[in-house]
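Values in this text are rule-based calculations from the coordinates and carry no lab data. None of these values were measured; they are calculated from a predicted model. Here the Cβ positions follow ideal geometry from the backbone for every residue, glycine too, while neighbour counts run over all protein chains shown.
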There are 2 protein chains.
Amino acid sequence: MTNEAPQIPERNLSSSKGEAILRGGMQEFLKNGYAATSMDRVAKAAQVSKATVYSHFQDKEGLFIAIIKYLVEEKFQTIFEPIGTDNFATEPEIILKELANRMLDTASEELVFQNFMRVIIGESGRFPQLARAFVTNVEATGFRVLRDYFTHCPRFNFADPEAIARIFVGSIVHFLIVQEMLHGKDIVPMERDRLIDSLIALIVPDKKM
Amino acid sequence: MTNEAPQIPERNLSSSKGEAILRGGMQEFLKNGYAATSMDRVAKAAQVSKATVYSHFQDKEGLFIAIIKYLVEEKFQTIFEPIGTDNFATEPEIILKELANRMLDTASEELVFQNFMRVIIGESGRFPQLARAFVTNVEATGFRVLRDYFTHCPRFNFADPEAIARIFVGSIVHFLIVQEMLHGKDIVPMERDRLIDSLIALIVPDKKM
DNA sequence: GTCTATAGGCGGATAGAC
DNA sequence: GTCTATCCGCCTATAGAC
């Protein structure tokens, strides 16, 4: 609206120190959560002084929100839509199996994502707007991809494709939560293929196990 | 092993002050999580002095663990097995619908349970033993009840009843997490009956929606 | 057993030099 | 822009009176 010099378009990720602070803060907040993270540790992790942290971000809450918003809107937005689902020639059991495996691969291997979900859920009482951003950008993306696939793939004729999408995503995310995030692998062991194969057998018609 | 006077069998819930501390600590820890809760606020909530808190429990960590263990082992152990599933005469769709509705009723109405899950997941990095206790006493209980039902009810003949149980519990718990705990109700609205009906249609054979 | 008072440290945030 | 040094409050935990 004014004739001022153009600003850096998105958030200021170009400054070297600013980037370091975001990376350091990310490391600490994802490891410890919001309350247990101190600005001293963030500064140390970013290898800058605490005053420099406060010159780039208004306060602890502002830094935390900036970091989580970046993760929600940029880094993990597409984690639940890892492959193209516009291929209606390939057998649905192939497509769905590939989709489930990629979701679990990404989420299981990247410890960052598990810590990210831990923080989102753990802080969802104190930071409801971040939880909503997660639902909008991460969960809803997965729902949409699967709902569209179940709607448009001619092999399916579900009365409520969106509900089936919820069941698919929900089964996989809950599996991730119990086996990995809650350290349940040794308590209630289950190979991921058992879950995925049973899920696909329920969803894909004329498919006997 | 000795001739000493008999002690109170389980944890000491009989002392009036001790009970108040557990209740006050529960209120604060479930509302704020571990790190954001101060022992001053616990003492205030319990209407005792801080020194009294420390005379009943070794330290903050010990109090937290005592409270969460109580919730995991006593209060919420049966939240995922709310009705008898030994009735093989009633139609499975009736049994399963009732089961799903009771699980979601209890968990949705009791805000305490949502805060409890938030804390379990949020602190599962710092307190893995509490997360494992949750898996053992709460999640695995639900898995077992449904696996046994799918195994013994003659209407079913699943290749992997345990995996089907995971899908059932996972769909419902994930629905609870997204709609309630992550405040997604207004972002990705869905009546619970849509989820439950679609889930039952997938699981119960010869049942058309 | 329970209290008041306090020790001792770490927390978020800022002042002021460069 | 970045630093060092510091303010001040709240934190966990305890000492000592009753």
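Points to keep in mind about this one:
- Cβ-based net charge around B:L130, under 15 Å, with every Lys or Arg adding one and every Asp or Glu removing one: +2
- For region B:16-70, the Kirkwood hydrodynamic radius comes to 10.5 Å, computed from all pairs of different C-alpha atoms.
- Think of it as helices only: each DSSP H run of n ≥ 4 in the protein assembly as shown is worth -39500 (n - 2.57), and spread over all residues that comes to -18000 deg cm²/dmol at 222 nm.
- Net charge of the neighbourhood of A:S108, taken over other residues with C-beta under 9 Å away and scored Lys/Arg +1, Asp/Glu -1, is -3.
- Residue among B:F29, B:F168, B:F127 with the largest mean-square fluctuation in a Gaussian network model of chain B, springs linking Cα atoms under 10 Å: B:F127
- Residue order for A:S38, B:S171, fewest other beta carbons within 10 angstrom first, comes to A:S38, B:S171.
- Per-residue Cβ neighbour rank within 10 angstrom, fewest leading, B:L199, A:L30: A:L30, B:L199
- Rounded to the nearest whole Hz, the Karplus-based 3J(HN,Hα) values (6.51 cos²θ - 1.76 cosθ + 1.60, θ = phi - 60°) of region B:108-114 follow the sequence 6, 6, 6, 4, 4, 5, 5, with x at glycine and proline.
- Over region B:92-203, the alpha carbon radius of gyration divided by the compact-protein estimate 2.2 N^0.38 Å works out to 1.12.
- Förster-model FRET efficiency, 25 Å R0, A:E93 and B:D206, C-beta, rounded to 0.05: 0.70
- Across region B:138-155, rounded Karplus estimates of 3J(HN,Hα) from the backbone phi angles (6.51 cos²θ - 1.76 cosθ + 1.60, θ = phi - 60°) give 10, 4, 5, 4, x, 4, 5, 4, 6, 4, 5, 5, 5, 6, 9, 6, x, 5 Hz, Gly and Pro being marked x.
- If R0 is 56 Å, the Cβ-Cβ spacing of B:Q58 and B:R155 corresponds to a FRET efficiency of close to 0.60.
- Residue-span extension gain [A:V112 to A:K75] - 0.36 nm each, minus C-alpha spacing: 12.3 nm
- Cα centroids of region A:145-209 and region B:72-121: 21 Å apart.
- HN-Hα J in Hz across region B:29-39 - Karplus 6.51, -1.76, 1.60, θ = phi - 60°, x for Gly and Pro: 5, 6, 7, 10, x, 5, 5, 7, 9, 9, 5
- Value of D in µm² per second that Stokes-Einstein yields for chain A, Kirkwood Rh from Cα pairs, at 4 °C (1.567 mPa s): 67 µm²/s
- Residues B:R132, A:R23, arranged from fewest to most other Cβ atoms within 10 angstrom of their Cβ, appear as A:R23, B:R132.
- Paramagnetic label zone (point 7 Å from Cα along Cα-to-C-beta, B:E191; backbone N under 19 Å) in region A:156-184: A:158-167
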